[in-house]
Every structure is written in C-alpha cells, then in structure tokens.
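First up is the structure itself, then whatever we jot down about it.
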Amino acid sequence: MDWSSEIACPVAAGSQVSVEWNRNKQGTWEVIPVSHTGPCIVYMATAESKGEGNAWFKIFEEGYDSSSKKWCTDKLIANKGKLDITIPGDIKAGSYFLRTEIVALHGARRVGQCQFYPNCAQLEVTGGGSAVPDGVALPGYYKSDDPGI
C-alpha cells in the first residue's frame, strides 16, 4: 500500500470517526443485503509498514448482541451504513491506514464460504501517546477452517 498525505483525513487520537458502507445495486443504494449478517471489525496499521507483515492492530469489533438479537451488520443497515469508532487515545501520532471490514457469515456453514467486505482509508493521527500496538498480517490472519469462517 502506498501512502498519500493529499488524501489523508486528519484525526485526533481519542476522537471518534465515522465510516460508511454502501453499494449501488441497479441504481438503488443499499448498505449490504440483509442476508449478509456478521461482525464489523476495524484495524489500523502505520503507513510506514505499508500494511505488510504483522502490521494491523484491532481497534474495534462488534459481533452478535444477544440482548438485541442483532449482528453489527443489522445495526449498520439501520444506521444507513454508518459506523462510529474511536481512534485509540494512546497511539503514537503519525500516518496510518484504517481498514474496516464486514465479515458476512451467510455462507459460513461451509468451510471457507464466508465473505469479507474490507475497505481502507488513510488517517493522519495527531496528539496521542507513545503506544505502538502489536498487530497481525492481513491477509493471512484468518484461516478458512477458523470457526465461523
């Protein structure tokens, strides 16, 4: 991945950002088909890493809420595709990639049949602390025989 300061979104460590999913299906905008239920997960990686190797650290995950009986994707659809997340307040200031993803589980009864819907943005994080969290490799972190995948 290449970094471009011209398209980076400035954001303060500890602040909230909104991400949005949607698609145009035959002239109609929708978030994701209602059958594509599953979790929403958000990772960050330093731009210096180019997103390579164990660079991606998780900052958000929401799966199934047993009290409301809703997946993150259900809430996402109800909120017109918008998801609010908080950038960690203790991470080191600098240039980052933000990876948001939906893991649609409608095909997960068969090994390797869930579907991933990732997208990325570029952030310029200001303030913060000195934390440089450990990360995982994406792709590569998920295996087709992981439970639910």
Completion exercise
With the 1.4 Å probe rolled over protein heavy atoms, the chain has an accessible area per residue in Å² of 57
Handout entry: Dipole magnitude (debye, nearest 20) for the range 33-149, charges at Cβ of Lys, Arg, Asp, Glu
Key = 420
Completion exercise
Out of Thr73, Thr46, Thr86, a Gaussian network model of the chain with alpha-carbon springs under 10 Å gives the largest mean-square fluctuation to Thr86
Practice task
Sort 90-101, 15-26 for me by packing, meaning the mean count of neighbouring Cβ atoms within 10 Å per residue, highest on top.
Solution key: 90-101, 15-26
Practice task
Along Cα→Cβ, 7 Å out, is where each label goes; now give me the distance between the ones at Ala131 and Glu61 in nm to one decimal.
Solution key: 1.6
Completion exercise
Whole-percent carbon and sulfur contribution to the accessible surface of the range 1-78 (1.4 Å, no ligands, DNA or RNA) stands at 48
Fill in the blank from the handout: Taking 56-64, 29-37 and ranking on average Cβ neighbours within 10 Å, highest first, one gets 56-64, 29-37
Practice task
Find how much the distance from Tyr142 to Lys50 grows on full extension, using 0.36 nm per residue of separation minus their present alpha carbon separation; answer in nm with one decimal.
Solution key: 31.2 nm
Completion exercise
Residue-ordered couplings for the range 45-59, obtained by feeding phi - 60° into the Karplus form 6.51 cos²θ - 1.76 cosθ + 1.60 and rounding to whole Hz (Gly and Pro as x), are 9, 5, 5, 4, 6, 6, x, 9, x, 7, 9, 8, 10, 6, 10
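The values are calculated or read from the model by the stated rules, or taken from the named source; none is laboratory data. Nothing here was measured: the structure is a model prediction, and the numbers come from that model. Note: ideal-geometry Cβ built from the backbone for every residue, glycine included; neighbour counts use all protein chains shown. Heads up: the accessible areas ignore ligands, DNA and RNA and are worked out on the full protein's heavy atoms, side chains in. Shrake-Rupley method; radii C 1.70, N 1.55, O 1.52, S 1.80 Å.
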